[in-house]
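Worksheet: the structure to be examined is printed underneath.
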Amino acid sequence: MLTMQYRIALPADYPMSAIETRIAERGHLTDGLPGLAFKAYLYAIKGEAGAVSNAYAPFYLWRAAEGMRDFLSGPGFAALSESFGRPVVQSALVWLAKWKDDAAQARHAVIERLPLPAETSLAARRAAEADWGQTQLLDSNTLAAASAFDPSMWLLTRILLLREAPRDLAAACELYRVGRVSMGGD
């Protein structure tokens with residue numbers, strides 16, 4: 001499995017209702033997409049807790065690289081690139097990905113990025129991430145948990161899809177609204 005995310009920074013005066021409308025009108029197009037586990041349509045509004053700027057930052061969990069490849073070379077990504085410019089796409093190898101049957105009900109997401117120093121045992125960290133994910137999923141507010149690493153930058157990315165925004169947010173975490181969650185196909 002792979003994760004993928006791109007973040008489009010938007011001007012402070014950008015009407016975020018346009019992003020909400022875009023998600024409402026086009027979000028269904030990724031429902032049942034081959035190779036996709038889920039896509040969370042994430043966006044941030046400057047001034048809200050955890051948001052330093054307006055942004056559109058969808059997060060994808062792919063079952064296989066072929067789905068990601070086909071999406072990036074397909075009409076949906078081409079339309080996004082035409083509207084906003086081609087974004088830098090971050091991807092990572094999944095260590096943990098679990099979601100509940102009602103994951104599409106998520107309304108908030110927290111993303112945390114942590115360095116993986118050279119002295120870190122990747123096997124031990126992978127086991128720790130499995131424990132982290134299982135613990136997170138015990139919380140009724142958590143609908144999905146994923147942990148992945150990017151070996152090109154030795155960076156760990158964690159994401160939680162939540163029913164409600166967390167009460168406390170660590171300084172290193174990004175908080176997003178979730179406009180929609182599309183569940184993929186086989």
(message) I need the full set of residues from the stretch 144-160 which are in a strand (DSSP E or B) and either without any contact (Cβ under 8 Å) to a residue 60 or more places away in the chain or open to solvent by less than 10 Å² (accessible area, probe 1.4 Å) (or both), in order please.
(response) A144, A145, A146, S147, A148, F149, L156, R158, I159, L160
(request) For A57, state whether it is farther than 20 Å from D186 by Cβ, at pLDDT 95 or above, open to solvent by 20 Å² or more (accessible area, probe 1.4 Å) and of a type in the set (A, V, I, L, M). (result) no
(message) Being touching a strand residue (DSSP E or B) at 6+ places or on another chain (Cβ under 6 Å), basic (K, R), within 29 Å of G32 (Cβ to Cβ) and open to solvent by 70 Å² or more (accessible area, probe 1.4 Å): is that true of R163 here?
(response) no
(request) Find all pairs meeting these conditions: Cβ atoms under 6 angstrom apart; at least six residues apart or on different chains; first residue within the stretch 115-143 and farther than 16 Å from V94 by Cβ; second residue in a helix (DSSP H, G or I) and at pLDDT 95 or above. (result) T142/Q136; L143/A103
(message) Please verify whether A124 is modelled with pLDDT of 95 or more, farther than 19 Å from V181 by Cα and of a type in the set (G, A, S), treating the condition exactly as stated.
(response) yes
(request) With the checklist (1) free of Cβ contacts under 8 Å to residues at least 24 places away in the same chain; (2) open to solvent by less than 40 Å² (accessible area, probe 1.4 Å) in hand, flag the one item D101 doesn't pass. (result) (2)
(message) Taking the criterion of being in a strand (DSSP E or B) and open to solvent by 60 Å² or more (accessible area, probe 1.4 Å), would at least one residue in the stretch 75-84 satisfy it?
(response) no
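The values are calculated or read from the model by the stated rules, or taken from the named source; none is laboratory data. What you see is a predicted model, and the numbers here were worked out from it, not measured in a lab. Glycine also receives a Cβ, built like all others from the backbone with ideal geometry; neighbour counts cover every protein chain displayed. Just the protein is used for accessible areas: all its heavy atoms, side chains included, with ligands, DNA and RNA removed. Shrake-Rupley method; radii C 1.70, N 1.55, O 1.52, S 1.80 Å.
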